[in-house]
Amino acid sequence: MCGPTRSVRLVDQPNRDGIDGWHSRDVAHGSRAVTDDGRNPPGVTKESEAMTMPILVTGGTGTLGRRLVPRLTAAGATVRVLTRHGRPDEEGVRYLTGDLTTGDGVEPALDGVRTIVHCAGSNKGDDVLARNLVQPASAQGALHLVYISVVGADRIPIVSAVDRAMFGYFGFKLASERIIAGSGLPWTTLRATQFHDLILTTVRQLAKLPVVPAPVARFQPVETDEVAARLVELAMGEPAGLVPDMGGPRVYTVAELIRAYLRAVGGRRPILPIRMPGRAARAVREGANLAPEHAVGKRTWEEFLAERVPA
Ligand SMILES: NC(=O)c1ccc[n+]([C@@H]2O[C@H](COP(=O)([O-])OP(=O)(O)OC[C@H]3O[C@@H](n4cnc5c(N)ncnc54)[C@H](OP(=O)(O)O)[C@@H]3O)[C@@H](O)[C@H]2O)c1
C-alpha cells in the first residue's frame, strides 16, 4: 500500500550568482522548493533555508554590531555587513560599502537577503536611515526586519528645543520604530536600556572634570553582548512585532554610576547633582527610560567595570 504522495515543485532554484550566491528574485518571489501543499520538501526546513540565505547587519561595525556579527556566524548564518567604510571580508562575513543617509549601496547589499538586523544609528537622523533601508528592503521582498530601539522611545516627550537638544535621540528612535512598523515588512523591534559601553564613555568624560556633574536621573545599564545574544534569537525566529523590553539587572542613579567608576579607577572627585530642564528630562527623572519589570540582563555595572577598567 502506498501512502499519500507529496510531489516537490521547484518554484525557482536559488540563483547563486549574486553577492554570496543569492539573488533577490529568489526571495522576492518566494522562489524555493515547496511541496504541493506549500511545505518544504524533506530535508529542507524553513530554518535550514533561512540559515543559508545571508543576514544583513547594518551597524555591524559598531559597539553592538561587533558583538552581534560573530554570534550570528557562530549560529551558522552567512552575514553581510553594511558599512560606510569598506574593509576586508572575514570568514562568513562580507563587508559591503553603503550609506543609509544617502541610500548609496543599500540596494545591492539587500540582494537576496531574507533577514535584516538594523543596528546602524547615531544621535540624530535615525529616521532617515530607517526610511532609506525599508524602501529597498520592501521592494526586494525581505522577510524579516529586526530593529534595536531604546527603552523609553515612546515615553519621553520631545516637545521643546531643550528636549530635542538633550533627548532628541529618543524621538528619532520612535520615528524609526514607526517607519519600520508601517513599512509592510514583517518586523521585530527590541527596546533596550543603555549599554554598559555607552555609560562608561559618558562617565569617563564626566569624571575628567574636577567636580563631576551628575544629572538627577537613573539608568539601568545592560551588557551589550547580552543584547547581541537576544538579537540573534530574534533574528533566527519569526517576526514578532514589539517584543518585551530588555533592561540591565539593576537601576542606578547617575551619582551611583559615577561613584562605582571612581572606585574602580581609584579616583576621588566631588559629585555635583544637576537638575536638567524640560519635559523630557522630567520624564527621565520619573523613570521613563527604565524597564525594572524587564531586568533580564545578568551582568552588573560593577562586574563590567571590574573587567573593563584598570584599577
Ligand atoms: N548605545 C546604547 O546604549 C543603546 C541602547 C539602546 C539602543 N541602542 C541602539 O543600538 C544601535 C547600535 O548602537 P551602538 O552603540 O552599537 O552604535 P555605534 O557604536 O555608534 O555604531 C553605529 C553603527 O552605525 C553605523 N552607521 C552610522 N551611520 C550610518 C550610515 N549613514 N549608513 C550606514 N551605517 C551607519 C556605523 O557603521 P560605519 O561607521 O561602519 O559606517 C556603526 O556600525 C543603535 O541603533 C542605537 O540607537 C543603543
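The values are calculated or read from the model by the stated rules, or taken from the named source; none is laboratory data. Just so it is clear, the model here is predicted, and its values are computed rather than measured. Here the Cβ positions follow ideal geometry from the backbone for every residue, glycine too, while neighbour counts run over all protein chains shown.
Can you tell me how many residues within the range 180-202 are more than 26 Å from LYS298 (Cβ to Cβ) and more than 13 Å from the ligand (Cβ to nearest atom)? Number satisfying all stated conditions: 7.
Selection of the range 141-182 for residues being in a helix (DSSP H, G or I) and hydroxyl-bearing (Ser, Thr, Tyr) yields TYR169, SER176. With respect to the conditions (1) touching a residue at least 24 places away in the same chain (Cβ under 8 Å); (2) farther than 21 Å from ASN132 by Cβ, PHE172 lacks only one, and its number is (2). When the range 96-114 is filtered for residues that are without any contact (Cβ under 8 Å) to a residue 40 or more places away in the chain, touching a strand residue (DSSP E or B) at 6+ places or on another chain (Cβ under 6 Å) and crowded, with 20+ Cβ neighbours inside 10 Å, only GLY98 remains. Being out of contact with any Phe, Trp or Tyr (no Cβ under 9 Å at 6 or more places or on another chain), within 16 Å of the ligand (Cβ to nearest atom) and more than 24 Å from TRP301 (Cα to Cα) holds for only one residue in ALA161, ALA175, and it is ALA175.
Just one of the listed residues (GLN135, GLN140) is within 14 Å of PRO54 (Cβ to Cβ), among the polar types (S, T, N, Q) and more than 10 Å from the ligand (Cβ to nearest atom), namely GLN140.
Taking the stated definitions as given, is GLY297 touching a helix residue (DSSP H, G or I) at 6+ places or on another chain (Cβ under 7 Å), part of a loop (DSSP other than H, G, I, E, B) and surrounded by 18 or more Cβ atoms within 10 Å (Cβ to Cβ)? Yes, satisfied.
From the list GLY60, GLY43, GLY86, the lone residue that is of a type in the set (Gly, Ala, Ser) and modelled with pLDDT of 95 or more is GLY60.
Being within 10 Å of the ligand (Cβ to nearest atom) and not basic (Lys, Arg) is the filter here; which residues of the range 73-84 pass it? Correct list: VAL81, LEU82, THR83.
Reported count of residues in the range 122-140, each being part of a loop (DSSP other than H, G, I, E, B) and either farther than 28 Å from PHE195 by Cα or among the small types (Gly, Ala, Ser) (or both), is 2. If you filter the range 136-145 down to residues that are closer than 20 Å to ALA240 by Cα and not hydrophobic (A, V, I, L, M, F, W, C), you find that the one that is surrounded by the fewest Cβ atoms within 10 Å (Cβ to Cβ) is SER138. Of the residues making up the range 85-116, those that are within 16 Å of the chain's Cα centre (by Cα) and more than 9 Å from the ligand (Cβ to nearest atom) are THR115, ILE116. Within the range 53-72, restricting attention to residues that are farther than 25 Å from GLN140 by Cα and within 11 Å of the ligand (Cβ to nearest atom), the residue that is surrounded by the most Cβ atoms within 10 Å (Cβ to Cβ) is LEU64.
Hey, could you check the range 117-127 for residues that are modelled with pLDDT of 95 or more and near the ligand (Cβ under 8 Å from one of its atoms) and say which is surrounded by the fewest Cβ atoms within 10 Å (Cβ to Cβ)? If we take residues in the range 117-127 being modelled with pLDDT of 95 or more and near the ligand (Cβ under 8 Å from one of its atoms), then GLY121 is surrounded by the fewest Cβ atoms within 10 Å (Cβ to Cβ).
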